[in-house]
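Have a look at the structure below, then the notes.
The numbers here are math on the coordinates, done by the rules we state, and not lab data. If you're wondering where the values come from, they're calculated on a predicted model, not measured in any experiment. Every residue, glycine among them, receives a Cβ derived from its backbone with ideal geometry; neighbour counts consider all protein chains shown.
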Amino acid sequence: AENEPSWETPCTELLVYVSTPGCDGFPTLDSKESYKLSVSKGSMLLSAETVWGALRGLETFSQLVGRDENGTYYINETEIVDFPRFPHRGLLLDTSRHYLPLRAILETLDVMAYNKFNVFHWHIVDDPSFPYESSTFPELSKQGAFNAMTHVYTASDVRTVIEYARLRGIRVIAEFDTPGHTLSWGPGAPGLLTPCYMGKVPSGVYGPINPIVNSTYQFLTRLFQEVSTVFPDFFLHLGGDEVDFTCWQSNPEIRAFMMERGFGEDYKKLESFYIQRLLDIVSSLGKGYIVWQEVFDNDVKLRPDTIIHVWKENKMQYLKEMANVTRSGYQALLSAPWYLNRISYGQDWIEAYKVEPLNFEGSPEQKALVVGGEACMWGEYVDVTNLTPRLWPRGGAVAERLWSNETVRDVEDAYARLVEFRCTLLGRGVQAQPLYVGYCDREFGGV
Amino acid sequence: MGRAMGLAGLLLGLVVVPAVLVTTSLRHGAPRTEAEPEPSGWELAADAVPEDSLWPLPQWVRTYPRQLQLAPSRFQLVHGAGSSAGPDCGLLQDAFRRYYEYMFGHSRRRTRGRRPLDARGEPELFQLQVVIEAGDPGCDRHPQLTSSEAYHLTVTEPVAVLKASEVWGALRGLETFSQLVHEDDYGSFLINESEINDLPRFAHRGVLLDTSRHYLPLKSILTNLDAMAFNKFNVLHWHIVDDQSFPYQSIYFPELSDKGAYSSNLIYTPADVRLVIEYARLRGIRVIPEFDTPGHTQSWGKGQKDLLTPCYKRGQPTGSFGPVNPIWNTTYNFMAKFFKEISSVFPDEFIHLGGDEVDFSCWKSNPEVKEFMKKQGFGTDYAKLESYYVQNILDIVSSYNKGQMVWQEVFDHKVQLKPDTVVQVWMANNYAHELSSVTGAGFTAVLSAPWYLDYISYGQDWKKYYSVEPLNFPGSEKQKKLLIGGEACLWGEFVDATNLTPRLWPRASAVGERLWSSSNVTNLQDAYKRLTNHRCRML
């Protein structure tokens, strides 16, 4: 009869075909993540150019498998051709404002993979704490971590994160943000930070990294030598944001230096002087770099393959910045409208979803310089007690915006799929919070 | 007494540790003792002052520099001589075990490793004796609005004494005692000699949970009751059903949850409900259920035909339904039976009957309703119809000897309330004015308007909840006494078990202190210090 379901012999195999070898390598910005999925009577085939594409295809395949009311697993005949719109689809975690235990990072990597995110931007140290255990400078975490015995990432932890990520096709880009955001570096590296002055005497308080002494650059060379070896990705994020000039201005030696160099009162020139030297150090170590937008805004001389990270959000000004960055020939990464740490009442995922990264005035060549974006979960109000529900499923809105076609914008359709997906996450043991009222079939295993 | 002891303590500190300056801490709340100036110029010796993690801050605290040690293997929580409660007081027995666990937790009762007698520094505190003073301690009762939660705690060697009129005060005192015990850097348990006199500023200190917009598993509710006890909250306002789902499994009307719950496993059975009530009782927490009508009742219609008003368009029923139908007798027959069950299932003296946000458009569209309005002479004032309905429900519930709590609309629409009806003020716009009106009309009020914790925002919003002063409304002394407390509300549109606990706590703690502690406890820096410590302890 025509209306009977065609229960053929159950599908027993998903064949995975990868054309280019590379199981033991690391994913890069240029990795091909495209795949084709073909499910038909008698055969299921996933083919991809690289293993990274195969990973993406496996995730999609897992989302196609359903269960009917009898509990039987099924999958519809399907044809899928898929590839990401943007090659850099990242998530930033901040492990300095609050330490995140390894299991929280690993869980996040799992959920990133479910969402096809492919970059873990590890904002590992900052003002409040320095949890990164450096083999070259062990005092940094000994003095700078919240608790040097418990709130640190050992070399083994870092290796674990990098490999766990690699197995999911996720690049790990470490950020050692300087010269600002470095208070926690001070205790373990005496002489690194600028002593602030109150009139003629040091006030006891410290500011950004001291840009005028050679010891600074010797330190940075050795530190970044280590960091370059520990983190295999080609890119390092060097920060460079929000440098507060008041401490530099208060320091007489620095003022003298400014005079000497003819910088006058323009401390942006001093900041650029520092950044320049840092970029040269990192370059010479064979790494590329990503920097926050201030570095571009302050006219620092950058390598042509620098990626500028656009983060300042003020009434859509970020689109202007994207235009400026790409017009100057640099690649751009967008985060400004995707600060997921900025919570508010209601379905704020919709705003994140509606963002259109290429909505600025520019030529197609310019727009091609936008490599992607990153959802940011800054840690001022976030630790392991609330990370997962705050991140998911809101992060999913950014994930789709970065992967799917520009035309995929219907909010109602997205809502329906995201609600389903959130239930799937719950089923996979992820404490993703609800989008709105309702329930999931498989919510709890009991009381 | 206080001043002399304080000075003696200071001198003691100076004599014993000459190189180190110590302070006694005097914290005052309600005007029970004469005001004393803070000792000036003394710096703190230790890293932490004993009161550094008390939350909410007791009315009257005095701590001394002398510390006592507690040995988990020997320390006991016991009933003191002369207490009207003894080992047959299940509530206290349960509390003793619970607080022992909170204080010493992972330190099992050690049978080995006794420190040699002469190596021990501080004197040992062997016991906390709990003495209930009222003839009827209340062990087997349920807490009420009028229950006494006052307690007096004296910590001195060799034995600390916790005195309270009723067991409810003892529970509050045990929580405070557990907040005084701290560990030094060797892991030894210490407590400073202290004296605390405490009682709540407001008698009704509640948290509202919404189990209709999202089902909350039992574990989630129970964890929340624990957290409430840590913060001295004493009312769980259980907004159990609403439009979206009806998880309450009724004995008389099983179809309500059969058809109205999200799914058959997302319900609260009678056993579940009993568990919540008892778990709460053991923590001195009242459970006030809310069965909100006539609005917010879409889910009721699934299992109870002909309860809701059929809506009309151009003279024909549309197939959709509005609020409860106020004109049919069957409605009141149903409600009489339903609230009979509720009155017996929930032991608290009060039931919350809702009455908020009634949308009149469906009533307006229904020809029978319009006819009824004419007959009753209500004209086109549907608030009168709403009042007619609510009146009937209030009478029904009254006849079961239950007091009623209602949302403010019921008062605003001039329903005839019973004298002891409690009006819950929730509309944020000019709530001070509403408080004046409600109390001016002689009704007791509970404040929620500034404490809608479901309204999240970026940053330290606990500060704005903390800074609310409930009695900041125009009114006489008599009126202000009618504001019996407040409730932090966590509506469930965007909340379920995945995010409830971090969203509610520690933000609700700010409300907890505002409702317990004295009105002059307002310093945000001090609060921040104590609240961060309290938060770590809750973890």
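With θ set to phi - 60°, apply the Karplus curve 6.51 cos²θ - 1.76 cosθ + 1.60 along region B:428-444 and write out the HN-Hα couplings as whole Hz, x wherever there is a Gly or Pro.
5, 5, 6, 5, 4, 4, 5, 4, 4, 4, 4, 6, x, 7, x, 9, 7
Unpartnered cysteines of chain B (Cβ-Cβ under 4.7 Å counts as a partner)?
For chain B, the answer is B:Cys489, B:Cys536, because their Cβ atoms have no other cysteine Cβ under 4.7 Å.
Report relative contact order for chain B in percent, whole number only (criteria: Cα-Cα under 8 Å, sequence separation at least 6). Can you show the working numbers first?
Values: 1038 pairs, mean separation 76.2, N = 539.
Relative contact order of chain B: 14 percent.
Mind checking B:240-249 for the average number of partner chain beta-carbons within 10 Å of each residue's beta-carbon?
Details: counts 0, 0, 1, 1, 4, 3, 0, 1, 0, 0.
Other-chain Cβ atoms within 10 Å of each residue's Cβ, averaged: 1.
Against the longest alpha carbon principal axis of chain A, how many degrees, from 0 to 90 and to the nearest 10, is the axis of helix A:102-114 turned?
Once rounded, the angle reads 50 degrees.
When the Kirkwood radius is taken over all Cα pairs of region A:356-447, what Stokes-Einstein diffusion coefficient follows at 37 °C and 0.692 mPa s, in µm²/s?
On the way: Rh = 15.4 Å.
Estimated diffusion coefficient is 213 µm²/s.
As I understand it, the value is the acute angle between the Cα axis of helix A:155-166 and the longest principal axis of the Cα atoms of chain A; what does it come to in degrees, rounded to 10?
40 degrees
In chain A, which cysteines lack any other cysteine Cβ under 4.7 Å from their own?
A:Cys11, A:Cys23, A:Cys376
Nearest 0.05, what FRET efficiency do A:Thr72 and B:Arg274 give at R0 = 56 Å with Cβ-Cβ as r?
Details: r = 38 Å, r/R0 = 0.69.
Efficiency, rounded to the nearest 0.05: 0.90.
Please list, ordered by chain and number, the residues whose modelled amide H lies under 5 Å from the amide H of A:Leu92; skip anything fewer than 5 residues away on the same chain.
Placed amide hydrogens put A:His121, A:Ala375, A:Cys376, A:Met377 under 5 Å from A:Leu92.
Under a Cβ-Cβ cut-off of 11 Å, what is the net charge of the residues other than B:Gln391 that fall near it, where Lys and Arg count +1 and Asp and Glu count -1? Please list the in-between numbers first.
Working: positive: B:Lys384, B:Lys414, B:Lys418; negative: B:Glu386, B:Asp395.
Charge balance near B:Gln391 sits at +1.
Within a 10 angstrom radius of each residue's Cβ in B:265-273, how many Cβ atoms of other chains show up on average? Whole number is fine.
Details: counts 5, 5, 0, 0, 0, 0, 0, 1, 0.
Across B:265-273, the average partner-chain Cβ count within 10 Å equals 1.
Straight-line reach from A:Lys354: which lysines have a Cα under 17 Å away, not including same-chain ones fewer than 8 places off?
A:Lys315
In debye, nearest 20, what is the charge dipole magnitude of region B:361-503 about its Cα centre with +1 on Lys and Arg Cβ and -1 on Asp and Glu Cβ, if you could check? It would help to have the intermediate numbers written out before the result.
On the way: 14 positive and 16 negative charges, 67 e Å.
Charge dipole, region B:361-503, about its Cα centre: 320 debye, nearest 20.
Which order results if B:Val207, B:Val276, B:Val167 are arranged by neighbouring Cβ count within 10 Å, fewest first? Show your work: numbers first, answer last.
Values: B:Val207 27, B:Val276 22, B:Val167 30.
The fewest-first ordering by Cβ neighbours comes to B:Val276, B:Val207, B:Val167.
Considering just Cα atoms, how many Å³ per residue does the convex hull of region B:129-258 enclose?
Values: hull volume 20.1 nm³, N = 130.
Per-residue hull volume (Cα only) is 155 Å³.
At a temperature of 10 °C and a viscosity of 1.306 mPa s, determine how fast the protein assembly as shown diffuses translationally according to Stokes-Einstein, using the Kirkwood radius over alpha-carbon pairs as Rh; express D in µm²/s, rounded to the nearest whole number. Spell out each step's value before the answer.
Numbers: Rh = 32.4 Å.
Translational D for this selection: 49 µm²/s.
How crowded by other chains is B:491-501, given as the mean number of beta carbons from other chains within 10 Å of each beta carbon? Each step should come with its number before you reach the end.
On the way: counts 0, 2, 8, 9, 4, 10, 7, 12, 8, 2, 3.
Counting other chains' Cβ atoms within 10 Å and averaging over B:491-501 gives 6.
Work out the charge dipole of the protein assembly as shown with +1 on the Cβ of Lys and Arg and -1 on the Cβ of Asp and Glu about the Cα centre, then indicate which of A:Leu167, B:His214, B:Val422 is farthest towards its positive end.
Result: B:Val422, furthest along the dipole toward the positive end.
Nearest 10 degrees, 0 to 90: what angle lies between the long axis of helix B:382-399 and the longest principal axis of chain B (Cα atoms)?
60 degrees
Quick one: Cα centre-to-centre distance for region A:359-393 and region A:11-40, in angstrom?
26 Å
Quick one: net charge of A:Tyr17's neighbours, Cβ under 13 Å, K/R +1, D/E -1?
Numbers: positive: A:Lys36; negative: A:Glu13, A:Glu49.
Combined, the nearby Lys, Arg, Asp and Glu give -1.
Output the Kirkwood hydrodynamic radius of region A:354-399, Cα pairs only, in Å rounded to one decimal.
Values: mean 1/r = 0.0770 Å⁻¹.
Result for region A:354-399, one decimal place: 13.0 Å.
Taking 0.36 nm per residue of separation and subtracting the Cα-Cα distance, what length does fully extending B:Asn392 through B:Glu341 add?
Details: separation 51, 0.36 × 51 = 18.36 nm, distance 1.70 nm.
Stretched out fully, the B:Asn392 to B:Glu341 stretch lengthens by 16.7 nm.
May I ask for the Kirkwood hydrodynamic radius of region A:90-411, worked out over all distinct Cα pairs and given in angstroms to one decimal? Could the numbers behind the result be given before it?
Numbers: mean 1/r = 0.0490 Å⁻¹.
About 20.4 Å for region A:90-411.
Positive end of the charge dipole of the protein assembly as shown (Lys, Arg +1 and Asp, Glu -1 on Cβ, about the Cα centre): tell me which of A:Val227, B:Asn231, A:Pro87 has its Cα farthest that way.
B:Asn231
With only Lys, Arg, Asp and Glu charged, each at its Cβ (+1 for the first two, -1 for the last two), find how big the charge dipole of the protein assembly as shown is about the Cα centre; round to the nearest 20 debye. Please list the in-between numbers first.
Details: 94 positive and 119 negative charges, 237 e Å.
In debye, rounded to 20, the protein assembly as shown gives about 1140.
Between B:Thr156 and A:Thr28, what is the label-point separation in nm under the 7 Å Cα-to-beta-carbon projection?
Between A:Thr28 and B:Thr156, the label points sit 7.8 nm apart.
Scan region B:437-485 for chymotrypsin sites (Phe, Trp or Tyr not before Pro) in coil per DSSP, keeping those whose Cβ has at most 16 other Cβ atoms within 10 Å, and list them by number. Before the final figure, lay out each step's value.
Working: sites: B:Phe443, B:Trp451, B:Tyr452, B:Tyr455, B:Tyr458, B:Trp462, B:Tyr465, B:Tyr466; in loops: B:Phe443, B:Tyr455, B:Tyr458.
When the chymotrypsin sites (Phe, Trp or Tyr not before Pro) of region B:437-485 are filtered for loop state and at most 16 Cβ neighbours within 10 Å, B:Tyr455, B:Tyr458 remain.
To the nearest 20 Debye, how big is the dipole of region A:90-411 about its Cα centre, given +1 on the beta carbon of each Lys and Arg and -1 on that of each Asp and Glu? All intermediate terms of the calculation are to be shown ahead of the outcome.
Details: 29 positive and 39 negative charges, 54 e Å.
Dipole size: approximately 260 debye.
Sort A:Phe26, A:Phe296, A:Phe117 so that the residue with the fewest other Cβ atoms within 10 Å of its own Cβ comes first and the one with the most comes last.
Working: A:Phe26 18, A:Phe296 21, A:Phe117 27.
Lowest count first: A:Phe26, A:Phe296, A:Phe117.
Of the listed pairs A:Lys142/A:Lys301; B:Lys374/B:Lys478; B:Lys302/B:Lys384; B:Lys384/B:Lys463; B:Lys337/B:Lys464; B:Lys163/B:Lys464, which have alpha-carbon separations greater than 32 Å here?
A:Lys142/A:Lys301; B:Lys374/B:Lys478; B:Lys384/B:Lys463; B:Lys337/B:Lys464; B:Lys163/B:Lys464
How do B:Thr330, A:Thr182, A:Thr60 line up, fewest other C-beta atoms within 10 Å first? Before the final figure, lay out each step's value.
Details: B:Thr330 12, A:Thr182 25, A:Thr60 16.
Lowest to highest Cβ neighbour count: B:Thr330, A:Thr60, A:Thr182.
Between region B:225-271 and region B:317-331, how far is it from one alpha carbon centroid to the other, in angstrom?
Region B:225-271 and region B:317-331 have Cα centres separated by 24 Å.
Give me the net charge for the shell around B:Arg205: Cβ to Cβ below 14 angstrom, other residues only, Lys and Arg +1, Asp and Glu -1. The partial results should precede the final answer.
Values: positive: B:Arg172, B:Arg201, B:Lys232, B:Arg283, B:Arg286, B:Arg514; negative: B:Glu149, B:Glu175, B:Asp198, B:Glu487, B:Glu513.
Local charge sum for B:Arg205: +1.
Could you tell me the convex hull volume per residue, in Å³, taken over the Cα atoms of region A:174-297?
Details: hull volume 12.4 nm³, N = 124.
Expressed per residue, the convex hull around the Cα atoms of region A:174-297 is 100 Å³.
Find, to one decimal place in angstroms, the Kirkwood hydrodynamic radius of chain B, where the mean of 1/r is taken over every pair of different Cα atoms and then inverted.
On the way: mean 1/r = 0.0396 Å⁻¹.
Kirkwood hydrodynamic radius for chain B: 25.3 Å.
Could you pull out every residue, at least 5 positions away or on a different chain, whose amide H is within less than 5 Å of the one on A:Tyr153? Hs are placed 1.01 Å off N in the peptide plane, and Pro or chain starts have none.
A:Tyr132, A:Glu133
Taking amide H positions as placed 1.01 Å from N in the peptide plane, with prolines and chain starts having none, which residues 5 or more places from B:Asp292, or on another chain, fall under 5 Å of its amide H?
B:Val241
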